[in-house]
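Please read the structure below before turning to the comments.
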Amino acid sequence: MSADNRIPVTVLTGFLGAGKTTLLNRVLTEQHGRKIAVIENEFGEVGVDNQLVIQADEEIFAMNNGCLCCTVRGDLLRILTRLLKRKDRLDGVLIETTGLADPGPVAQTFFTDPEIREAYRLDGIVTIVDAKYAAQHLDDGKEAKEQVAFADVILLNKTDLAGAAELDRLEARLHRMNTAARIHRTRDCEIGIDRVLNVGGFNLSRATDLDPRFLEPEFPFEWAGVYELAAGTYELCLGLSSEASAEEGHHDHDGEEEHEHEPARDHEDHGHHHGNEDELDLALLPVNLPPEITFPASSSAAQAAIASATAAARDTAVQVFSDWERSVKPGETITPGTTLQRLHLSEGHAHFPVEIARAGRYMLFTAHDVPTHLYAPGEALVRYVHDQDFRHEHSHDEEVASVGISLPGDLDGKRLNDWIGGLLAKKGQDIFRCKGVLAVRGSDKRLVFQGVHMTFDAKFDQPWGAALRTNTFVFIGRNLNREELVGGFKACLVG
């Protein structure tokens, strides 16, 4: 917040060996002109990390024989209090935690102690993730998951030790766990200091500026393409590369791009699963567009009509994917309609006839994006005229996840306070972080809300002005129920 003159604090965390000391040394040697006090902690009776840190003008405080999140928290409070007695004002404080630490109690220090709360503000939590070993750490222990969950910034470090596909999968997993965090890929923690210090981690509007999609709803499908089809019988080829299609007598893509994604996971909330590597869930729906509107759209009115029609088809597809499926074996016919088609593949590929009774525009939705080719009679490749990728991030096997809410309107202050208080009292141990920018009835200023576990803080900052009064909220934690959170939040709206 622009009017907040408290000393910003950055908490640096990450699993053992991820690169925290490397980043700390970069901060200490960078010519940034800031006066920064460093508080670093190592678990064990003999300190080693403080010997590895480059000596610089910054004040470095080392605390040993204890974890910063528990036994030495009193030391942290004493050091922070001492720093306030300096004659010259600090520009910031950097706290490096042990690799075994849960950052939650550290963050809570800046909410619970009145003197500390008045003098310091938690600017951000930076988590360093080891690209080579992260998957193992995330699978085996809760500390690595909690470090990701608390993060405002994630450095996916040691990228030179992992392949491109592995990095893509890991980044997607981290994003599912913490939708609001900014993720940067680094080698040897090489990154601009402004991306880890004074990041405004609780400034949700900055997060949406950097990732406008992070509050979008999740969908049970990954990709959809719009096709213009005449009446007749087509052939749908799945799981075949362009080279394999050519070998089977089909034309090449001629440069058409193919996308690769992780296999779809089971969706327990549907009451049944939606496919595995030998199955593909698919829906083929008509798109209600006047024939005079063509692709690509040449006018804003046509673009709006296409957006509206495809959004309607998308909403219908959501309902289709949540219903029971029709099992379709290779060679059996697919027809457009509101029944989910579960296609059975043989070693990842198969062919299916597609019967189109009436010419028109049709939208093909797939649960996970395998190479998909549609051929007309005579083996001519039919290209989609419009396509869209969707967020497909249901992950019931991932303990830590995030839920984003964005709703217009004013909130009733009392209802909001009662709901938040009750929610954190009941689920606070599972809610690692929550933050939001809210519109409260009777105030022309934004209410900025931030919380760590069961402690939270809410302050009015700048006026809404001409901006739309939209409530933006994100929860990050374990065992979150999206429907309950959205329902409780909606119940706080006025009218």
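Taken together, the values in this text are just the output of simple stated rules run on the coordinates, not laboratory data. From a predicted model like this one, the values you see are computed outputs, not experimental measurements. We place every Cβ from the backbone using ideal geometry, glycine too, and count neighbours over all the protein chains shown.
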Summing +1 per Lys or Arg and -1 per Asp or Glu among the other residues with Cβ less than 12 Å from THR294's Cβ gives -1
Entries of LYS145/LYS329; LYS459/LYS490; LYS87/LYS158 with Cα pairs more than 29 Å apart
LYS145/LYS329; LYS87/LYS158
Take the alpha carbon gyration tensor of segment 275-379, find the square roots of its eigenvalues, order them as a ≥ b ≥ c, and report rounded if a/c is under 1.5; if not, report prolate when a/b exceeds b/c, else oblate.
prolate
